[in-house]
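No value in this document is a laboratory result; all are computed from the given coordinates. Just so you know, these numbers come straight off a predicted model, no measurement behind them. Quick reminder, even Gly has a Cβ in these numbers, built from the backbone with ideal geometry, and neighbours come from all protein chains shown.
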Amino acid sequence: MRELFLTFFYSGRFPKAPGTVGTLAGAAVAVPIVQYLSLETLFLGALLLAIIGIKQIDAYEAAGGPHDDKSIVIDEVVGVWIALSISSGTLAQWVFSIVLFRVFDIWKPSVIGRIDKHVKGGLGVMGDDVIAGVIAGLCSSMLFGVMLKFGLA
């Protein structure tokens, strides 16, 4: 059951780019949540998954699993849900949020990289993706605002 959760229904077991596959799977699940419930529900769901995820990652690592195993993608799901919660009013914002989240998650600039390198356990695995999601959502909103200002949206 832990593996099902941490790999987000085994999307993290994809042989190539499991983080990207997990992000896309998370975004796909976000669509009906936003459509039938609300953005607030998506955000609260991200917080709930983050709390449970930290505890489950800690348990996984305590049982001998490697730190930040590539198959663990629940952190990507949380990050993309946060990004989408901040900026997802239009299709362009969805695309910007998803792409920018992956860019920040892979590149790990500034505090994202410091969390990734220096914070251990579940908090470290989850923390960099949470911050990447916040930054991606804010950047997506700003980018869309610039597009609106110049009549490109």
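Observations
- Anchor residue 108: aspartates and glutamates whose Cα lies under 12 Å away (excluding residues fewer than 8 positions away in-chain): 116, 128, 129
- Exposed-loop-free span, longest in the chain, where trypsin sites (Lys or Arg not before Pro) count as exposed if DSSP calls them loop and at most 16 other C-beta atoms lie within 10 Å: 17-69
- Local electrostatic count, residue 18, Cβ distance below 14 Å [Lys/Arg +1, Asp/Glu -1]: -3
- Residue among 125, 78, 29 with the largest mean-square fluctuation in a Gaussian network model of the chain, springs linking Cα atoms under 10 Å: 29
- Across 63, 28, 83, mean-square fluctuation computed from a Gaussian network of the chain (C-alpha pairs under 10 Å connected) peaks at 63.
- Among (1) 142; (2) 101; (3) 163, the entry that matches volume of the Cα convex hull per residue in Å³ as calculated here: (2)
- Near residue 132, once Lys and Arg are set to +1 and Asp and Glu to -1 for all other residues with Cβ below 13 Å from its Cβ, the sum equals -3.
- Counting Lys and Arg as +1 and Asp and Glu as -1 over every other residue whose Cβ lies under 14 Å from the Cβ of residue 47, the net charge comes to -2.
- Straightening the chain between residue 110 and residue 51 buys 18.9 nm, computed as 0.36 nm per residue apart minus the Cα-Cα spacing.
- Of the DSSP H helices in the chain, those whose Cα atoms cover at least 30 Å axially and whose Kyte score averages 1.0 or more: 39-62, 121-149
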